[in-house]
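Q: Structure in structure tokens, see below.
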Amino acid sequence: MGIFDLLKLIFDNLSRRKARVALTAIGVVIGTAAVVVLVSLAIGLQQNATNQLYGIGDLTQIQVYPNYGDYYESMETGTTSTTMITEASLAELAAIPGVQEVIPRDYIMGSAMLKYNRLESYANIIGVGTSTLEFLGTDLQGGVYDLERGTAVIGAMIPSSFYNPQWRPGQEPPTPPELLGQQVRMDIIKWDNEGNEIRKTVSIRIVGILVETMGEPDWSIYMSLADVTAYNEWIMGRRINREKDGYNQVVVKAEDVNQVLSITETITNLGYQAYTPQSYIQGINSFFLVLQVIFGGVGAIALLVAAIGIANTMAMAILERTREIGLMKAVGATNRDVLSIFLGEAAGIGFLGGLGGIIVGWSAGQIINVLAIAYLAGRAAQQGGLPPSSAVFTPVWLPLFALIFSTLIGILSGLYPALRAATMVPVIALKYE
């Protein structure tokens, strides 16, 4: 029997029992739709959570800090296990396979106030040991990334942080100043042993403004490490020895995001403290992978119930078509031919049910998308967060997997009835009433 003859015979047999096939396939439709909707929901939630974390920074970056040891352990032993970040540490970190760049950072050790015309603002000054801020992975509103002595690149929220110290109730709040390309005065403040305030005024030129990231760069002013080191030396009243004082922080940038976790582990084993947002991504992915399995299992239970229905339908078909089976064998049909026909009918029911389930599941997912996005977007607007891009996401592989799985369920469900039909004795089958 040729393949086309087999397919035609299977189609004709299913067409003769439309109502029974439809009722049996409905169970597969429900199970497949449940799998598609639930797994798509879990994937959509995972994507939303991951996208929210992408706003906290470049995932190829690792923040490295000195390790000052365990406080209680040092109290018990009387010794400290401090691992400072020195110039030798920078070379050690740069030698780790997969590391693209090592950038030391430092902060102002006193207070810093920006002044522009009559407006003032307190600033979070960060010195970076690189000539460009391209490593941040943040776009520019205007200007350049390049940092030279006496220049700064500011975050998107810095202009709006300026206030008028002479402001009185009832007056209009000041308009955020246009700082790009402007010279801004900065007062660096320290206190002597008697508590007297001492100020040093410097002038810096704003050469770039970053776009809003919902993270640290928004409220930061980036300057060259040499400038910040000089300010800190004035505050401390002595020169800074990096071999003794070390660096407060180092940014290690990996060549590829997939190498971040292994590099972080290597850095920790060297004795430093290391943090990366990628660790949160891994934890979230693990959680949602378990959630996908659970949701898929719930849908699989519905498919199991449908499988019992397919087995019952095929068993009843054998009882009704016993004489037909005997006649097919009498005219030359082999056991393999009969087995193929009944397995094909069971697979056809699973295939039709799976196809219908994909359509129903995808349609239900789109309805959920519209309703959930409208609700979550309203919540995000109230709380100031980012609106979700989608609540339910159906990847291409999921409908294909669901269709293959439902067809396989049909074949397995019809296997026993098909074997019974294939092993019938023709003489007995022809006598069956």
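The values are calculated or read from the model by the stated rules, or taken from the named source; none is laboratory data. These numbers come from a predicted model, not from an experiment. Virtual Cβ from ideal backbone geometry, glycine too; neighbours counted across all protein chains shown. SASA here: full protein model, heavy atoms, side chains in, ligands and nucleic acids out. Shrake-Rupley method; radii C 1.70, N 1.55, O 1.52, S 1.80 Å.
Q: Starting from the exponent 0.38 and prefactor 2.2 Å, build the expected Rg for region 179-223 from its residue count and divide its actual Cα Rg by it. Could you put the intermediate results ahead of the total?
A: Numbers: Rg = 14.5 Å, N = 45, 2.2 N^0.38 = 9.3 Å.
With N residues counted in region 179-223, Rg over 2.2 N^0.38 Å equals 1.55.
Q: Rounded to the nearest 20 debye, what is the charge dipole size of region 60-207 about its Cα centre when +1 sits on each Lys and Arg Cβ and -1 on each Asp and Glu Cβ?
A: Details: 10 positive and 18 negative charges, 159 e Å.
Once rounded to the nearest 20, the dipole reads 760 debye.
Q: Something else now. Using the Kyte-Doolittle scale, which helices in the chain average at least -0.5 and also have C-alpha atoms spread 24 Å or more along the helix axis, with helices defined as whole DSSP H runs? Don't jump to the answer; show the numbers that get you there.
A: Details: long enough: 18-54 (52 Å, 1.17); 278-320 (61 Å, 1.52); 335-383 (68 Å, 0.93); 397-422 (35 Å, 1.53).
Result, helices passing both filters: 18-54, 278-320, 335-383, 397-422.
Q: Sticking with this one: Do you know the relative contact order of region 212-357, to the nearest whole percent, from alpha carbon pairs under 8 angstrom that are 6+ apart?
A: Working: 23 pairs, mean separation 14.6, N = 146.
RCO, region 212-357: 10 percent.
Q: At 1.4 Å probe size, put SER111, SER224 in order of accessible surface, largest to smallest.
A: On the way: SER111 40, SER224 15 Å².
From most exposed to least exposed: SER111, SER224.
Q: If you count only protein heavy atoms with a 1.4 Å probe, what accessible area per residue comes out for the chain, rounded to a whole Å²?
A: Details: 22790 Å² over 433 residues.
Accessible area per residue, the chain: 53 Å².
Q: Based on alpha-carbon centroids, what's the gap between region 247-282 and region 135-199 in Å, whole number please?
A: 31
Q: Here's another thing I want to ask about it. Check cross-link reach from LYS8 to the lysines: straight Cα distance under 26 Å, and skip same-chain residues fewer than eight apart.
A: Qualifying lysines at Cα under 26 Å: LYS18, LYS329.
Q: Cα convex hull of region 239-372: mean projected area in nm², to one decimal?
A: On the way: hull surface 68.1 nm².
Hull-based average projected area comes out at 17.0 nm².
Q: Next question. With +1 on the Cβ of every Lys and Arg and -1 on the Cβ of every Asp and Glu, and nothing else charged, how large is the dipole of the chain about its Cα centre, in debye rounded to the nearest 20? Don't skip to the answer; put the middle values down first.
A: Details: 27 positive and 36 negative charges, 439 e Å.
Taking the Cα centre of the chain as origin, the dipole is about 2100 debye.
Q: Residues with beta-carbon under 11 Å from that of VAL211, excluding VAL211: net charge, scoring Lys, Arg +1 and Asp, Glu -1?
A: Working: positive: none; negative: ASP139, GLU212, ASP218.
In short, -3.
Q: Related question: Largest first and in whole Å, give the semi-axes of the chain's equivalent ellipsoid, each being the square root of 5 times a Cα gyration tensor eigenvalue.
A: Details: eigenvalues 1022, 135, 56 Å².
Square roots of five times the eigenvalues give 71, 26, 17 Å.
Q: Taking LYS244 as the anchor, which aspartates and glutamates have their alpha carbon closer than 13 Å to its alpha carbon, excluding any fewer than eight residues away along the same chain?
A: Within the straight-line cut-off, LYS244 pairs with GLU87.
Q: Which whole-number percentage describes the relative contact order of the chain, with Cα contacts under 8 Å and a sequence gap of 6 or more? Show your work: numbers first, answer last.
A: Numbers: 765 pairs, mean separation 125.3, N = 433.
Relative contact order, the chain: 29 percent.
Q: Take the chain, connect every pair of alpha-carbon atoms lying under 10 Å apart with a spring to form a Gaussian network, then pick out the residue of PRO277, PRO399, PRO169 with the largest mean-square fluctuation.
A: Checking each option, the largest mean-square fluctuation is seen for PRO169.
Q: In the neighborhood of ALA422, defined by Cβ-to-Cβ distances under 10 Å, what is the net charge if each Lys or Arg adds +1 and each Asp or Glu adds -1? Before the final figure, lay out each step's value.
A: On the way: positive: LYS329, ARG336, ARG420; negative: ASP337.
Overall, the nearby charge balance is +2.
Q: Hey, another quick one. Cut-off under 13 Å on the C-alpha distance; same-chain residues fewer than 8 positions from LYS190 excluded. Which aspartates and glutamates are left, in chain and number order?
A: Result set, ordered by chain and number: GLU233.
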